[in-house]
1. Can you tell me which residue within segment 575-590, out of those that are touching a Gly at 6+ places or on another chain (Cβ under 8 Å) and either surrounded by fewer than 24 Cβ atoms within 10 Å (Cβ to Cβ) or in contact (Cβ under 8 Å) with a residue 60 or more places away in the chain (or both), is farthest from Tyr415 (Cα to Cα)?
2. Give me the pairs, please: first residue somewhere in segment 507-527 and over 23 Å from Glu557 (Cβ atoms), second residue anywhere and among the polar types (S, T, N, Q), beta-carbon distance under 8 Å, and either six or more positions apart or on two chains.
3. Of all residues in segment 367-398, which are of a type outside the set (A, V, I, L, M, F, W, C) and either closer than 29 Å to Arg442 by Cα or in contact with a Pro (Cβ under 9 Å, 6 or more places away or on another chain) (or both)?
4. So how many residues does segment 601-627 have that are of a type in the set (A, V, I, L, M) and either without any contact (Cβ under 8 Å) to a residue 60 or more places away in the chain or on the phi > 0 side of the Ramachandran plot (or both)?
5. In segment 78-95, is there at least one residue being β-branched (Val, Ile, Thr), more than 33 Å from the chain's Cα centre (by Cα), at pLDDT 95 or above and within 27 Å of Arg199 (Cα to Cα)?
6. Do you know which of the residues in segment 469-511 that are at pLDDT 95 or above and among the basic types (Lys, Arg) is surrounded by the fewest Cβ atoms within 10 Å (Cβ to Cβ)?
7. Residue pairs, Cβ under 6 Å, 6 or more apart or interchain, first in segment 222-234 and within 14 Å of Leu165 (Cβ to Cβ), second assigned to a helix (DSSP H, G or I) and of a type in the set (Asp, Glu). List them.
Amino acid sequence: MKRILITGKNSYIGTSFEKWLANKPEEYKIEKISVRDESWKQHDFSVYDTVIHLAGIAHVSRDPKMEETYYKVNRDLTIDLAKHAKNQGVKQFMFMSSIIVYGDSTKDRQVIDEDTVPQPRNFYGNSKLQAEKGITPLQDENFNVVIIRPPMIYGKGSKGNYPKLAKAAQKLPVFPDIDNQRSMLHVDNLCEFLRLLIRNNESGLFFPQNKEYIKTSDMVKTISNVHGNEIKLVNIFNPILKPFISKVETINKVFGSFIYDHNLSNYKDNYQIRNFNDSINLTEDNNVNLEVLVMSDNNLDTVGGEQESSKIIINGMKGFFQVGVIQPGEIKNPISGAHFYHLTSYTRIKHLIKHPFSFLSYILKVRKILRNQNPSVVHTQAQVSFFIVALLKKFKLISKDISFIHTERGLYTKYNKIIKQIFHFFLKELDVLVTTTEFNMRYWKNAIQSRGMNLECKVIENTAGELFETYNERFHKINTGSLVIGFAGRYTEWKNWPLAVEICKLLNKELKDKLYVKFAVGCLDEWSKVETKKMFDDLYKVLGNRFEGVINIDLKEMNNFYYELDVFILTSNYNTESFGRTLVEAMSRRTVVLTTDAGGSVEVVGNKDNVCVTSNDFVDRVLDFYKNKKLMEDEKENNHSRVKQKYSLKNNLDKHFNLYNKINYKKNDLYFLNK
């Protein structure tokens, strides 16, 4: 495995390259650091095979006050980093210079070849050239120096001149048709080139570019076509513009010519994997290269395990795949880096079903998105979304090439005969069935096998999410002689809140003023809010100020909620929980957890002594812990360790990544170029 360090923590190229190599996790590992201050000098470079230096001032300024800064950052920092890397045993140092060392574009066709001498015309270009001269002498048999002089780099999310031209292409009715040629480099071509240089442990000076020279007006026309603008190219402005190409910087950047000789850019392995048209489509068109589309039955801003799991997947995968999201309701808090699609104002599909025409409209909108976007993977997170996609596949209303994954968060045993029959009918359209526990998977596998279906099945355990990955010792519970118990979840019949109330009342008789009770309830409608408030009033009459009840609090508040508990109790009915996310959240906060025989929750708890049936069973078990402080502390530590080992964020995201990556690997071998 090659270990790579990138300087420039938020650089466009660095971020793009990290995503590129994410498709080969067994071969490359990337870390990024900031070099804005002197702290990088304490960073251990000895563990890396390659350092790619991308940090620097990337724009051209003619302000004389900036000259010293340019040389300090672009020249001096580069030389210092290269020396530090060599002294610590790094094998390869790569420096991203620029075509700008050859000066500026001109109105005439200027071809840079191996005999062309660099002649920078500003201190940006000169600072790059001086950096090259400073690190070249460091080359020896143990330390390879790579200098790359790319032309203009472009791609989705790039900065500089390209996005300005793209914006103009979408708005202008006409654009000057001036005959020029420019070398350019799509970011995917650059990333593949960097990968090859690392793989081959190269040294020397390199000049990567696209296969084709690019005419500015043709590029603008292609961009406008992608966006449906149909811009017209005209030569009426040519007599006015041409005299100013070499004189006015802005005009020169757009219409000047500046190219590398193709022979200069040849390499023994193919890195030019994107042609011009494909590169523009990938850069401009949201319909291209959507790799994973996540579908939720409920708006992600509402309360529920499905919503939290979906957000974890989206946040975790958006750095590696182009991720789209279909959810009901308004898009109030879109996750940066993911593409959200607005279909309806209803926040739950189950509410939408009550309005047949609106529901049909929703299905048709989903179909349109899937046909236009053609994602590699559709991953449904709940039942109705599953039925919608399965229906569309069943009747060939969407591409058969879309891989269909469904995470089933409901227990098989929980469904009635009619729902099971619908599932059996549509499961044939599925490629992968995911459950969150082995317990639930056993029931689904038995049903699948009994019907002779061949379906890939995966268990991907839920996780509490990034917020619960670390434990804040400041909130560690101190034994004060009191006991705090807690209950959390949505207000639904199968959560069996009356059992929770009964446990509280019985414990109150035993512990009296030593008992404190906390409830955190999620309510999706007004009825549930009314019922929850009635339940709170009942408990307040018994416990007074020793009771605290909250409704629809956010995840950060839930985090604080768990920190305050000694014991967390899940009271769901028999075989209704496929997992029990609240248990993992509580366990991560060093809390004792108890559950009914609710299904997957028994597997999550992992201790049969903590599975109870009646309210008296729960009371007896709570008192066992209350009377034996060592037993309680040991159980809390065991729970914390169990979460880290089995229900960590890394475990969940690794399994999702491997699942998606396997499918995208098969469908797009450009991610895995085997040389």
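The values are calculated or read from the model by the stated rules, or taken from the named source; none is laboratory data. Everything numeric here is computed off the predicted structure, so don't read it as measured data. As a convention, Cβ positions derive from the backbone with ideal geometry for all residues, glycine included, and neighbour counts pool all protein chains shown.
1. Among those residues, the one meeting the criterion is Ala586.
2. Lys514/Ser482
3. Of everything in segment 367-398, those that are of a type outside the set (A, V, I, L, M, F, W, C) and either closer than 29 Å to Arg442 by Cα or in contact with a Pro (Cβ under 9 Å, 6 or more places away or on another chain) (or both) turn out to be Ser376, His379, Thr380, Gln381, Gln383, Ser385, Lys393, Lys394.
4. Residues flagged as of a type in the set (A, V, I, L, M) and either without any contact (Cβ under 8 Å) to a residue 60 or more places away in the chain or on the phi > 0 side of the Ramachandran plot (or both) within segment 601-627 amount to 3.
5. Taking segment 78-95 as the starting set, the residues that turn out to be β-branched (Val, Ile, Thr) are 78-79, 90.
Then keep just the ones that are more than 33 Å from the chain's Cα centre (by Cα); that gives 79.
Add one more test, that the residue is at pLDDT 95 or above, and what stays is 79.
Now drop any that are not within 27 Å of Arg199 (Cα to Cα), which leaves 79.
Yes: one or more hits.
6. Going through the qualifying residues, I end up with Lys509.
7. The qualifying pairs are Ile223/Glu284; Val226/Glu284.
Conditions (1) within 21 Å of Asn374 (Cα to Cα); (2) out of contact with any helix residue (DSSP H, G or I) (no Cβ under 7 Å at 6 or more places or on another chain), marked per residue:
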position	(1), (2)
Leu300	no, no
Glu306	no, yes
Gln322	yes, yes
His342	yes, yes
His351	no, yes
